[in-house]
Structures are given as C-alpha cells and as structure tokens.
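Asks: This structure is in structure tokens; I'll ask about it shortly.
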Amino acid sequence: MKKHLLTVFLFFIFENLFALNLILEKRPYLFDFGSRSSVVKEYYNRITFDDVYSADKGAGWIKKPAYSFQRDDMLNTTVRDDLTIDGVTGKEIEFKIDIPSGEWYLTYWMEMGYEDKSTTKLKVNGNDKKINLFEFKPGAEGRNKLADVYRVVHTLIRTKENTLNINLRSEQDSIRILGATLIPVINEVEDEFVLLDKIIKESGKYKSKVNLYNLKMKLENLVGGNKLNSYINYWWQQVDGLFEAERLINMMGWEWERYNSASSLFDRLYQAVSLLDAQLENHDISKYPLTDRAQYLRAKLCYDLNLERGIEYAQKLAKQDFSRLYMKYPDDKYIRMFNGELVDVPDYCDNLVYSENAPKWSKLQREAIWRLSSEIDYWVNERQAPNGEWGGKIGDDVELLRWWSPFLLTGNRTAIKGWKNVADAAWNDPKIYKGYSRRPLDVEHASEFISDSTPELIFIDEDSVYFKRLLYTADYFENLWTIVNSKGDRFLRSAWYSSTEVDERPPRNRDVDYNARAVKPLRYLAWYTRDPRYIRLLEEWSMSWVRASLRTDKGKPKGVLPSSIRGYDAAFNGDGHTWYESNMLWNYFDWKFGVGSKILDNILFTYTVTKNDSLLIPFDLQYQLIREYGSDLDKRELVEGSKVWSAKQLINNKFFWELAEKWKVIRNTDEYDDLLLKHGNNYTKYKISKDIKYIELGLEELLENIRYNTPLRTNLVLHTDRVRTPGANHLKAMLIGDGTPEGSSPYYAVTWTNTNPDFTAFVKEAAENSVTIDIFNHNTDVQNVTARFWQLKMGSYNISLTDNDNHILLSDELKINNIGTGMDLKIPSQVLVTLKLKTIE
C-alpha cells in the first residue's frame, strides 16, 4: 500500500513539476517510461507513450512512441527492476525537455530487441551523436524472439539553449526505450561528501576491496534525503550499474543462478557487457574514477566471450582494455597473462627432485603428472560445489573431463571423486531425462551431458549405478533415434533429438558425424559386456556409413564419408548440391570440420568387436587418396569437393591422425607408415620408428603448455569447456596405451589403480597377445599397484618384471578369463623396470 501511495505521489510531482516553477533548474531529471498502470522506479518520474510535450509541462514527446509495453516474462526475475521491466516503443521517437544550458550526462536504457548489432541512431538538438555499442554475434539458428538483454548508453551532452531534444531512430528494428536520466555535470564535491568521494574513487581501482553493494546501498539511502542533489544521484546511478555488471558476472554458470534469475548464462553475460558499455563507452573515461575496475571486468568478460563464442568485437575490446591496463599495471601477473605473456607462477613442481636412474621420459612425465594433478586438485577441492558443478554451466562442466582420463584410469582418487560428482550433477540436472537431453537439441550440445561424464566410470567403479545409466542409449538408438530404410541401412533420423522425441524438420533431419558422440555410451556397453545386441546395432550403423563412403554421389571421392546423410533415402546432405557442405545451421556439421573422424572412430571400434574386414575399407581408401593426391598441394588447384582438396583436408585434420595409431595396431600393417611418420602424432611416430625422441618431444610439448599461465586453466576460468590441455592425449597414450582423442571409443590396453604422482609408465607395445610396459617409481618407497588388461585375448600369459640389468623381479603366469583381468604388482623404488605379458602358445 505504501509503494502504491508513493507511485501516486511521484506521478503527481511529475504532472506538476514544471508548474511548480522548477523549470530551468540544474538538478537531476529521472524518467521511467511505461504505461500509467506500471510500477515506477523509486525517485523516478513516470512518462507514458502519450505524454506529449507542451510549454506548460516543459517536457514530453515531440515524436511520440506507438505504444507502451511490459516484459511480463521477466517479472519476478533478478535481472530486471521497476525501471527496466517496461517501456515505450516506436520506429522513431523524440523527447523534448526544457532545461538550463550547460553540460549534462544523458543516460538511457533500451532493449536490445532483435538486433545483435544495434542500428539505433541518436540525435541531440538535431545533431548526430555517435554511439558505440557492443556488437554481439548472431546465433546460428537466428533470432526469432526478443533478446532478454537491455543496453545502456551514458554520454556527455552540451546544450547552448534552455531546451533539449533527444531523437532516437532505428534503421531496422523498433526502439524500445525503458528509461532515461539527465544529470548536470558537477565538478566540485560538497564538504559533506568528501569522504564518500574518496570511497567511490577507491571502489573503482583495479582489485579494489570496496564492496560495491554496500556502497550502492549507501548512495541509494542518501538519495532519499537528497532527491535534487546531482552528485548523489549521479554516483548512485554509476555505482549501481557497475555493481549490477559485477553481480551478473559473479553468478557465472551455476545452475541455481539460472533458476534464481530465470536467465541463461549468456543472457547474463550479454547483460553485463551492455551495462559496462555505460561505464566505458561514449564519454571521457580518462578521469572517470570507476574506469580501472570496469575495464578489467569488461576485458575479462570479452576475453571469455570471444573464447567461447568467437565474437570478434569482444576480442577487439579485450585486447584494447588489457593493453590499457598493462600500461598502468605492467607487473600484474594476471594482466600479463591476458596480454599474451607466458608467466611462470612458482609452485612445488619447480623443485621436484629426480633420481639419476630415471630415464628422461620418466622425468618429463612425472612433472606433467604432478602439474596436472595439482590442477585437478584445484577443480575438485577448491572449485567444485557440493552438488558437483564447477560453475561453467553443467553442459560445459562435463567437458573439463576430456583431459582427465589419464588420471581417472591410473586411479587418482581426487580425479575419481571429482569425476563422479560432476557425472551425478549432469545426471540429476533438470535438462536431462533418463540418460539424455530432455528436449531436442543439436547433438553436439545435447550429447555432452552423459557422453562426456559417464561411460569411463564403468571401468573404475564396481558399482552398477553408472553402468545402468548407459543402458538407455541402446534403447534410444534402436527404437527412437534411428530408422532402417528400404535399402536395409540404419541411420539416425536427425541431428536434433532428445530422450523422448526426434526433430526431423529440415535441415535437421540427417545423420551426421557428431551423432557418434551421442552413441558413445553404446560403444562402452558393447566393449564392457560383449552383448550381441549392442554389437549388432553398432555394426548395422557402421556398415551403413561404410556403404555410403563407397558411393561417389555429388562428386564425393570414394572412401570419404559425406558430411551428412538423410536416412530415409541415404541422400548426401539431403537436397543439397554438394557432399561436403551440410548447411545444417552449425558449420561444425560440415565435412572439413572433422572429416568424419567421429564416425570413423565408431567404425574402427566396431571392427574390434566384430572383426568384419569390410569396416576397414574406408581407412585404406582414404590413405590411398592422401598418397595419390596429397603431395605438392601448394602447386595443385584446390577445388572444393575434389580429390586434391579432400586429401588436403584429411592431411590437416588432427582428429583423423589421432585415430591412425589405433588403426595401425589393429591392421598390423606397415603399408602406410610413411604417411603416419609424416602426419601422425608423436606416439604413432614412436610406434613406427622406435625412436624415443618422439615420446620425449610429446611430453615437452605438453609441459610447454602447462608450465605457464596456470590461473588461465584454474581460478580465472569462466567457461569450463574451454580449459584446453594440448598434449594430454600423449600422456594418456603412454600410461594407458591409447592415444585417441577424448570422447572417442575405448581402446585401453591397461588401466591402473593405487598409483600416486610419482608413478610413471610407458606402454611401448600393446596388442591382442602381448604387452610391454616400462615403469619407473620416483617414490622412495615401493609402490603396490594393480594393472588391469583390456585388450588381451582370453588365455594364459607369461608375466615377467625385470630391471634395467635384466634381473628378474617377478616371473609368473596370468590367466585372462575376461576383459579387465587384473594383477597386483610391487614396483621397486627408483629403478627402471619392464613389465611383459606374452601369450603362451
């Protein structure tokens, strides 16, 4: 009731404002645009769409809006208030107010509308006023609804007459203005506010400890007793805007903040950068006391937005803001990192002591294990919430696990704990229903929740909980996601689906490379159980893609996979004109992005459980294509879709070559070793050449990435799916015998339990009938570890553990009765030992 009376009172003030002879007074004018029935922000005056200017009123529309609106969908959220929840709209609007001549700060709030790049033009007293506003990147699927973001413009204007005309016109979208203020520029601080002024200046410093919320509330309380004081009104507005931007950024991607705010992570980040526009654009910031704090917030936010979404405008602003901050804080380690410097943050890994008996590869690997283990410690012990989240939104949090498997599969207890926690968070998230996305989304995003978090857990946890979570995928794949067409081919019906429905609207209605990510749980089920049903389903799908690879429709080279297939008639890219461009909204569905490597992985894995030689045909044909057309590419004409062009895409795609080592072991051939030595990864090159330099080079490349700028991978991270650790696959290959990229299929030769960061291992050979592993324990105590073998055929094996002088430390026999059979080992301290298993003929 009190709020209603206040609203009526404020409305009475506005209606009589100029009649009370307050005209031409240098004081704040605060306007909340909307309807006569909407709630008005405290201390603001109501302006409706039909409040036309007259000399008696002294303020009103010259070109009035078409109508007022209210964002009912944003009511009761934490991202809009009484000022920003409603407004007025029109293609062109002009507001006139009679005020004294001089310098004024004009601030206005307007909705982003349908425009990622604003086309709104501002004129002040008939003169163009250039306005810089953040340029967002349009979404791949376009914008079909109003953005939930509003923009804020804060600019200095000068008027030589006792009147002001403000004109806003949009070249495309309508203007949706929410409110505006005019506050005269005050150059002197009254004595009673000197201390407050010092605190305001302190609050704007880089790394300031001043709590913006408390300062904002202090200013808001002062406004109540100083409604006409320009200094208090101005700084209340400025601090409030900076506080709101910082608040939204600090909400990060926690799922509870999505619920509390009724706003997505990116809408909150977009809102924050729009608020920071008001702090840093369209006015002189050289003496603006909030600049440094605002500039760091925007620089970091723009760095993250570009990292996640590739927004060029954000990249430009981040570089600009960090460069300016570097000029003022050249010794600050964070600012140096963001400016591209490699900063070595001192830690205990710098002082690791090594036994002179340790080979170079083991020393390098130990350092890598210790450094990455410490990063995992941060994520689990400091960053992870009790419900398992890491604050990057759960669909991205699970992607952090993509470089953790070397630690999960060597028994790192912290990694296992953190992995299980985030897997449980994904499983229990409202966006998931029975093992997959609750609503149809593109497979690249929808599949991550479960495929990135759950399959690997069945190998380190005897609990059946995680195994049962994978079972849903088999049923969805067989009965919902796929069809068997009239030719007998099984394809997925779409790249957009959920756990209950499939979206077959063109161009979504096609099978694509990324669908292999959604099918990852089925591959793990097939490997772990060897259930004929799971194997049959994989073989039907794989063979359908193999048959497609052998066709040459639309000029596709034989053996190469098309970018997409419409399942019902097996047409490459549906009605599209090429075999390589999907035109499916996202460019990562195009062939050149992944060259079909995910489907190829599915095909290769299916061979390991079927021994169907037909599945290997596409690999041979693609290596032949590279050999025939892959030389002298700089001198050849590269026509898109041609054999030469296709060969170049294959050569330049790391995903394709990361699968090559596993293909070589499975094929047991040296036919294409020249290609693999030239283009393969370091582990592959070692397997061919036996030259240890490739193993050491791979570890040195990994260490070069993780010795520096650790905060950019830990406490400074916002988007958890952008924590990249190039070289982690090399570490995985050495420890597990599988160098394929994360998110692919299970090809593990060995996994370990009870190891610590002083345990190092190098899987030198791994086949169906033998394994050779070098091991060095840097600890001063004997390590009791367990090795489990996953690729050895059923049967009996001779085991030997010998030291570097061929002293036999262990000689025994092991019977492999099922995959994953384990054996306990005592690894001596600081002695290089070799473990060998060889089948007994």
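The values are calculated or read from the model by the stated rules, or taken from the named source; none is laboratory data. Remember, it's a predicted structure, so these values are computed and weren't measured experimentally. When we count neighbours, we look across all protein chains shown, and the Cβ atoms used for this are built from the backbone with ideal geometry, even at glycine. Surface accessibility is based on the protein's heavy atoms, side chains included, excluding ligands, DNA and RNA. Shrake-Rupley method; radii C 1.70, N 1.55, O 1.52, S 1.80 Å.
Asks: Is the range 561-576 home to any residue that is under 33 Å from the mean Cα position of the chain (by Cα) and open to solvent by 50 Å² or more (accessible area, probe 1.4 Å)?
Replies: Yes, the range 561-576 contains a residue that is under 33 Å from the mean Cα position of the chain (by Cα) and open to solvent by 50 Å² or more (accessible area, probe 1.4 Å).
Asks: Please state which one of ASN226, ASN211 is without any contact (Cβ under 8 Å) to a residue 12 or more places away in the chain, over 21 Å from VAL185 (Cβ atoms), open to solvent by 20 Å² or more (accessible area, probe 1.4 Å) and touching a helix residue (DSSP H, G or I) at 6+ places or on another chain (Cβ under 9 Å).
Replies: ASN211
Asks: As an exercise: evaluate PHE619 against (1) open to solvent by 40 Å² or more (accessible area, probe 1.4 Å); (2) under 13 Å from LEU561 (Cβ atoms) and give the number of the one condition it does not meet.
Replies: (1)
Asks: Return the residues of the range 179-196 that are in contact (Cβ under 8 Å) with a residue 12 or more places away in the chain and under 14 Å from LYS287 (Cα atoms); say none if nothing qualifies.
Replies: Once the filter is applied, which keeps residues that are in contact (Cβ under 8 Å) with a residue 12 or more places away in the chain and under 14 Å from LYS287 (Cα atoms), the range 179-196 yields VAL185, ILE186.
Asks: Within the range 310-319, count every residue that is farther than 19 Å from ASN715 by Cβ and either surrounded by 15 or more Cβ atoms within 10 Å (Cβ to Cβ) or touching a strand residue (DSSP E or B) at 6+ places or on another chain (Cβ under 8 Å) (or both).
Replies: 6
Asks: Another question about this same structure. Of all residues in the range 256-268 being more than 15 Å from the chain's Cα centre (by Cα) and open to solvent by 30 Å² or more (accessible area, probe 1.4 Å), which is farthest from GLY388 (Cα to Cα)?
Replies: Result: ALA262.
Asks: A further question on this structure: Which number in (1) touching a Lys or Arg at 6+ places or on another chain (Cβ under 8 Å); (2) open to solvent by 10 Å² or more (accessible area, probe 1.4 Å); (3) closer than 26 Å to ARG667 by Cβ marks the one condition that THR725 misses?
Replies: (3)
Asks: Here's another thing I want to ask about it. Of the numbered conditions (1) under 25 Å from the mean Cα position of the chain (by Cα); (2) part of a helix (DSSP H, G or I); (3) at pLDDT 95 or above, TYR588 fails exactly one; give the number of that condition.
Replies: So TYR588 meets the others, but not (3).
Asks: Are any residues in the range 459-490 within 21 Å of ASN602 (Cα to Cα), of a type in the set (Ser, Thr, Tyr) and not in a helix (DSSP H, G or I), and if so, which ones?
Replies: THR482
Asks: Return yes or no: is TYR580 of a type in the set (Ser, Thr, Tyr), farther than 18 Å from ASP513 by Cα and buried (at least 19 other Cβ atoms within 10 Å of the Cβ)?
Replies: Taking the combined requirement at face value, the residue does not satisfy it.
Asks: Test each condition in (1) surrounded by fewer than 19 Cβ atoms within 10 Å (Cβ to Cβ); (2) part of a helix (DSSP H, G or I) for ASP284 and report the one that comes out false.
Replies: (2)
Asks: Scan the range 320-370 for residues that are of a type in the set (S, T, N, Q) and either open to solvent by less than 70 Å² (accessible area, probe 1.4 Å) or outside any loop (DSSP other than H, G, I, E, B) (or both) and jot them down.
Replies: Answer for the range 320-370, where residues must be of a type in the set (S, T, N, Q) and either open to solvent by less than 70 Å² (accessible area, probe 1.4 Å) or outside any loop (DSSP other than H, G, I, E, B) (or both): GLN320, SER323, ASN339, ASN351, SER355, SER362, GLN365.
Asks: Among the basic types (Lys, Arg) and part of a loop (DSSP other than H, G, I, E, B): is that true of LYS598 in this structure?
Replies: In short, no.
Asks: Ok, one more. Could you grab me the full set of residues in the range 423-439 that are surrounded by 21 or more Cβ atoms within 10 Å (Cβ to Cβ) and touching a strand residue (DSSP E or B) at 6+ places or on another chain (Cβ under 9 Å)?
Replies: ALA426, TYR436, SER437
Asks: Applying the selection to the range 94-125, what residues are surrounded by 16 or more Cβ atoms within 10 Å (Cβ to Cβ) and of a type in the set (S, T, N, Q)?
Replies: Within the range 94-125, THR107, SER118, THR120, ASN125 meet the criteria.
Asks: Residue check: is THR751 outside any loop (DSSP other than H, G, I, E, B) and crowded, with 21+ Cβ neighbours inside 10 Å?
Replies: When the stated conditions are applied, THR751 passes them.
Asks: Search the range 754-775 for residues being crowded, with 20+ Cβ neighbours inside 10 Å and of a type in the set (Ser, Thr, Tyr), and hand back the single one that is nearest to ASP461 (Cα to Cα).
Replies: That would be THR755.
Asks: Select, from SER542, SER499, SER582, the only residue that is touching a residue at least 60 places away in the same chain (Cβ under 8 Å) and closer than 23 Å to ILE617 by Cα.
Replies: Just one listed residue meets the conditions, SER542.
Asks: Under 6 Å by Cβ, and 6 or more places apart or on different chains, what pairs join a residue from the range 788-815 that is among the aromatic types (Phe, Trp, Tyr) with one that is open to solvent by 20 Å² or more (accessible area, probe 1.4 Å) and not in a strand (DSSP E or B)?
Replies: Note: pairs meeting the criteria are TRP790/ILE819.
Asks: Anything in the range 313-348 that is more than 29 Å from SER274 (Cα to Cα) and without any contact (Cβ under 8 Å) to a residue 40 or more places away in the chain? List them, or say none.
Replies: Selection gives ASP331, PRO346, TYR348.
Asks: If the Cβ limit is 9 Å and pairs must be 6+ apart or interchain, which residue in the range 131-156 that is among the polar types (S, T, N, Q) pairs with which residue that is open to solvent by 10 Å² or more (accessible area, probe 1.4 Å) and assigned to a loop (DSSP other than H, G, I, E, B)?
Replies: Qualifying pairs under 9 Å: ASN132/GLU281; ASN132/ASN282; ASN144/TYR114; THR155/ILE131; THR155/GLU281; THR155/ASN282; THR155/HIS283.
Asks: For LEU248, work out the one condition from (1) more than 30 Å from ASP331 (Cβ to Cβ); (2) surrounded by 13 or more Cβ atoms within 10 Å (Cβ to Cβ) it doesn't fulfil.
Replies: Just one mismatch for LEU248, condition (1).
Asks: Next up: Before we move on, is ILE603 closer than 27 Å to VAL443 by Cα and in contact (Cβ under 8 Å) with a residue 60 or more places away in the chain?
Replies: In short, yes.
Asks: Starting from the range 637-655, keep only residues that are over 19 Å from ASP601 (Cβ atoms), then list their pairs with residues that are of a type in the set (S, T, N, Q) and open to solvent by less than 60 Å² (accessible area, probe 1.4 Å) whose Cβ atoms are within a distance under 8 Å, requiring at least 6 positions of separation or different chains.
Replies: GLU640/THR578; GLY641/THR578
Asks: GLN172 fails exactly one of the following numbered conditions: (1) under 32 Å from the mean Cα position of the chain (by Cα); (2) open to solvent by 10 Å² or more (accessible area, probe 1.4 Å); (3) over 18 Å from LYS91 (Cα atoms). What is the number of that condition?
Replies: Here GLN172 meets the rest and fails (3).
Asks: I'm trying to understand the selection: among the residues of the range 804-841, which are within 42 Å of the chain's Cα centre (by Cα), closer than 30 Å to TYR528 by Cα and not in a strand (DSSP E or B)?
Replies: ASN818, ILE819, GLY820
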